[in-house]
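Some notes on the structure that comes next.
The values are calculated or read from the model by the stated rules, or taken from the named source; none is laboratory data. Owing to the predicted nature of the structure, the values given are computational and were not obtained by experimental measurement. When we count neighbours, we look across all protein chains shown, and the Cβ atoms used for this are built from the backbone with ideal geometry, even at glycine. Just so you know, the surface numbers come from the protein's heavy atoms only, side chains and all, with ligands and any DNA or RNA stripped out. Shrake-Rupley method; radii C 1.70, N 1.55, O 1.52, S 1.80 Å.
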Amino acid sequence: FVIIFSAAIITVDAFRVQVLNFLISVEQKYTSIHLNDKADSNQNSGTPIVNWSNTYVPTYVPEGFTVSSISNTNAAKIVTFANTQDDSLFIVYTEYDSSSSIAIDTENASLIQKVKINGQDGTLSVKNSIVSIAWTIENHLFTVQGNLSSDEIIEVAEKVRFVE
């Protein structure tokens, strides 16, 4: 059993995701966010920050931020922004595909509230000066995290657009 279980976790992505989702969902210290099977029907002035096509991209970041790293895998697209004047300031934008679920650490968070991002339900969390927002658009799950004000992180989230 142990050998079969281990081999399944290593070789089968769907099995690994289900096991991890089970473990994440059981933990009460985190808020689990995942996609349902059905779809929900200034500085850059709407210009994409990343040159990806046929995907969602942020079209706004606060002044002084530049792209510091980009990762594009089958499961997630991640863009990290760093502030050119203050190395401690950052923003991380992530788009997950429909097979993903995430966990946001909300244990002892100073704020957890529902927000609307472009008409979609989202969750805003503030813990240890890190502001996190998670929301869905159609079959995609998004997060924006950073150590800026809630208003700035919400603005970054609201300016995520689909680029063909």
Spans of strands (runs of 3 or more DSSP E) in the range 71-158 with at least 3 residues hydrophobic (A, V, I, L, M, F, W, C): 76-83, 90-96, 101-105, 111-117, 130-137, 140-146
- prompt: For the subset of the range 66-84 comprising residues that are among the polar types (S, T, N, Q) and open to solvent by less than 50 Å² (accessible area, probe 1.4 Å), which member is nearest to Ser101 (Cα to Cα)?
  reply: Ser71
message: Checking the conditions here, which among Ile33, Ile49 is at pLDDT below 75, open to solvent by less than 50 Å² (accessible area, probe 1.4 Å), farther than 22 Å from Ser99 by Cβ and touching a strand residue (DSSP E or B) at 6+ places or on another chain (Cβ under 7 Å)?
response: Ile49
Every residue from the range 132-156 that is in contact with an Asp or Glu (Cβ under 8 Å, 6 or more places away or on another chain) and either modelled with pLDDT of 95 or more or buried (at least 16 other Cβ atoms within 10 Å of the Cβ) (or both): Trp135, Thr136, Ile137, His140, Leu141, Phe142, Gly146
statement: Of the residues in the range 85-98 that are polar (S, T, N, Q) and open to solvent by 30 Å² or more (accessible area, probe 1.4 Å), the one that is modelled with the lowest pLDDT is Ser98
- request: Go through Thr123, Thr59 for me and flag whichever is open to solvent by less than 30 Å² (accessible area, probe 1.4 Å) and more than 13 Å from the chain's Cα centre (by Cα).
  value: Thr59
statement: Note on the range 99-117: residues closer than 21 Å to Lys159 by Cα and either over 14 Å from the mean Cα position of the chain (by Cα) or open to solvent by 40 Å² or more (accessible area, probe 1.4 Å) (or both) are Gln113, Lys114, Val115, Lys116
field: Criterion violated by Gln28 - all others in (1) at pLDDT 85 or above; (2) out of contact with any Lys or Arg (no Cβ under 8 Å at 6 or more places or on another chain) satisfied
entry: (1)
